[in-house]
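Down below is the structure, laid out as structure tokens.
Nothing in this text is a laboratory measurement; each read-out follows from the coordinates by a stated rule. This structure is a prediction, so every number in the text was calculated from the model and none was measured. Note: ideal-geometry Cβ built from the backbone for every residue, glycine included; neighbour counts use all protein chains shown.
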Amino acid sequence: MKKREYIAPTIVQHQPGHMNAQAHGQTAEYCASIDGVPVPELIAKHGSPLFVYSETQIRNAARDARRAFQSRYPDVQFAWSYKTNYLKAICAIFHQEGAIAEVVSDFEYEKARAMGIAGRDIIFNGPWKPPAALERAVVEGAKIQIDHPDELIALIAIAEKQGKIVDVAIRCYMDTGVRPTWSKFGFNADSGEALQAIKRIFQSKVLRLVGLHTHVGTYILDPSVYKRATEKLLDLAEVARREYGIAIRYLNLGGGFASHSQLHYQYLPSESVVPTMDEYAEAICPTIHARWPKEVPLPKLYLETGRALIDDAGYLLTTVVALKDGLCQAANPDAEKSNGSRDKAGYRSGSTGAGASGYLVDSGIHLLYTSAWYQMNVRPVRPIAGPQTERTLFGCLCMNTDVLRQSVVLPNLIAGDALVIHPVGAYNLTQAMQFITYRPAVVLIGEGGTVEVIRERENLQHIEALERFPARFQ
Ligand SMILES: *Cc1c(COP(=O)(O)O)cnc(C)c1O
């Protein structure tokens, strides 16, 4: 029998959106305006890159969180987590919405005080509270949450020196199912360490334990984690009451509620996996109601929600400055004009050896530190029809690691196209590095559509302001 002729299989690279019954010829998702303000207008006036915050979205998030908890619990107080975003205008919005301040360092403590927040309205967290800051916090009556035994001992000394009884809380960590457990902070509530701290505070005579705190982690997608954390804090409160007659006045469940960013390994879109504020509140509030002894006044509930209240309200506008398309660009300079008919082989050769295929933009990971964990949504500003393919979004730094998205589905863009990266409102500003470029301006779109600069773009004077240049070099 004659051997059948070998026919090589045809392998077609899958390109989402390309030659696809669902997406071919459709216009790619785009973002022309933010809160009614056209993005090109924002860039024309304030430059690119540009951080943009929506006051409407911030207030809506703050109110939704308050509603979810206050409808389930009589005594709730939110504390704005400064490190999530401490621009004055942003903090002011949260304070106007009723939040006190939550700080994690002496710098943040000073910032909250300079914002006009009284010491008693500052929750002082953090693994390192320098002696001077700790003394100040004691004098000003801040809510100090002790992180470790050495801090406990330092506080006893300060209280003795100042000759007063100091109200304190302890930060605890426990197994709630979150991996890894954030055991760097606080006292272990499972091993008996937290109980030992409680005993030490009781014996000190100068410290009075009034609160129990935990911050289980960040971007917690499973609300039941908060139920377990609440139960373990309640267990501790019960033992403190039974053993030492201590009346716990507040429970602090920290932060960690998820925003609508999407982790790199996360397959489902954030819309389908991120719990609502009601789901988080439902995990915490009924748990306290069910377990708290009827004869004891209910404790105040503090929440230090950060990312969930600000991330979605922040955008980074950036501009494509060059196309990194390997062979494709050179071989077919007219590709752009036909907007979509770019030669497919060109992309393939681009991605397999001729060089990386993608777009170079005028921002980078120095501005988007959180891109290490989250795949940010990238949308063009104008409607673009035609194929959408996977590209890499390169940042403008001279570092090979400066990649904002290793793979993101985009339509064909040209140099000069503006892009909207979202959500980026949490942590990026506070962690932004000054490295080989100026950090961009930040604007706030007010509720009436007004656009106000809340941080100027950096210039050379800002960056060199603290340098001292010895005369012998001049
Ligand atoms: C960072 C932090 C928060 C805020 O966390 P999110 O995940 O942004 O909500 C709250 N409390 C403490 C102690 C923190 O360190």
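Miscellaneous remarks
- Here's the picture: charge each Lys and Arg Cβ at +1 and each Asp and Glu Cβ at -1 in region 86-305, and of Ala137, His95, Met115 the one pushed furthest to the positive end of that dipole is Ala137.
- Most tightly packed first, judged by the mean number of other beta-carbon atoms within 10 Å of their residues, the peptides 459-472, 85-98, 40-53 read 40-53, 85-98, 459-472.
- Calculated FRET efficiency, Leu221 to His289, Cβ-Cβ distance, R0 = 22 Å: about 0.35 to the nearest 0.05.
- Student exercise, the chain dipole from Lys, Arg, Asp, Glu Cβ charges, in Debye to nearest 20: 640 debye
- C-alpha long axis of helix 131-140 to longest principal axis of the chain, angle in °: 60 degrees
- Taken as Cα centroids, region 246-319 and region 135-202 sit 22 Å apart, rounded to the nearest whole angstrom.
- Lysines whose Cα lies under 16 Å from that of Lys83, excluding same-chain neighbours fewer than 8 positions away: Lys111, Lys129
- CD proxy at 222 nm, helix term only [per DSSP H run n ≥ 4: -39500 (n - 2.57); per residue of the chain; nearest 500]: -9000 deg cm²/dmol
- The equivalent ellipsoid that matches the C-alpha gyration tensor of the chain spans semi-axes of 48, 27, 21 angstrom, in descending order.
- Taking a ≥ b ≥ c as the square roots of the eigenvalues of the alpha-carbon gyration tensor, region 86-305 is classed oblate because a/c is 1.5 or more while a/b is no larger than b/c.
- Cut-off 20 Å (backbone N to label point 7 Å along Cα→Cβ of Gln431), residues of region 85-116: 85-88, 90-91, 102-109
- Using the Cβ-Cβ distance between Phe473 and Ala322 with R0 = 25 Å, the FRET efficiency computed as 1/(1 + (r/R0)^6) comes to roughly 0.10.
- In a fully extended conformation the segment linking Arg67 and Lys88 would gain 5.1 nm over its present Cα-Cα distance, using 0.36 nm per residue.
- Folded to 0 to 90 degrees: helix 277-291 orientation relative to the chain principal axis, Cα: 20 degrees
- Length released on extending from Asn400 to Ala385, taking residue separation times 0.36 nm less the Cα-Cα span: 2.3 nm
- Note on Asn60 and Tyr6: with the Förster distance fixed at 60 Å, the Cβ-Cβ geometry gives a FRET efficiency of about 0.45.
- Given Lys184/Lys294; Lys232/Lys300; Lys199/Lys232, the pairs whose alpha carbons are separated by over 28 Å: Lys184/Lys294
- Residue exposure proxy: Trp373, Trp292, ordered by other Cβ atoms within 10 angstrom of their Cβ from fewest to most, comes out as Trp373, Trp292.
- Ordering Thr287, Ile43, Ile153 by the projection of their Cα atoms onto the charge dipole of the chain, which places +1 on the Cβ of Lys and Arg and -1 on the Cβ of Asp and Glu, puts Ile153 at the extreme positive end.
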